[in-house]
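I have placed the structure first, in the form of structure tokens, so that the comments after it can refer back to it.
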Amino acid sequence: MIEILWGQPLTLVLSSDGDVQKFSTIEQVKYWLLKQWPVADEARANALKQVEAAMDCLVPVGVARRAFAAAARSAGFIPENLVVHTARRAA
């Protein structure tokens, strides 16, 4: 199976412990929406619909990315680039 890159990877912070996941292909996104997603809400359903449509070349990949980003916000995930990283000082 050939995976389809969907542009710049989207890295999400998944927990308060700082666990992150990088999403770089549309197949990976579909898998997560189907198997790993923590909430089954309307945003997830819409993202899955748009991802599948993009995989079938019915909508642009950007539509799927935006729907996935909305589902991530709805699930409480934060884009890594929006998290403020603090430098720890050596004691």
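The H on the amide N of PHE23, modeled in the peptide plane, is under 5 Å from the matching H of LEU10, THR11, LEU12, each at least 5 residues off or on a different chain. Summed over the residues of the range 5-88 and divided among them, the accessible surface reaches 62 Å² per residue at a probe radius of 1.4 Å. Peptide packing: for 15-21, 37-43, 71-77, the average count of neighbouring Cβ atoms within 10 Å per residue gives the ranking 71-77, 37-43, 15-21, highest mean first. Here's how it looks for ILE78: its modeled amide H is under 5 Å from those of VAL13, which are all 5 or more places away or on a different chain.
The values are calculated or read from the model by the stated rules, or taken from the named source; none is laboratory data. In this text the structure is predicted, and so the values were computed from the model without any measurement. Note: ideal-geometry Cβ built from the backbone for every residue, glycine included; neighbour counts use all protein chains shown. Ligands, DNA and RNA are stripped out before the accessible areas are found, and what is left, the full protein with its side chains, is counted by its heavy atoms. Shrake-Rupley method; radii C 1.70, N 1.55, O 1.52, S 1.80 Å.
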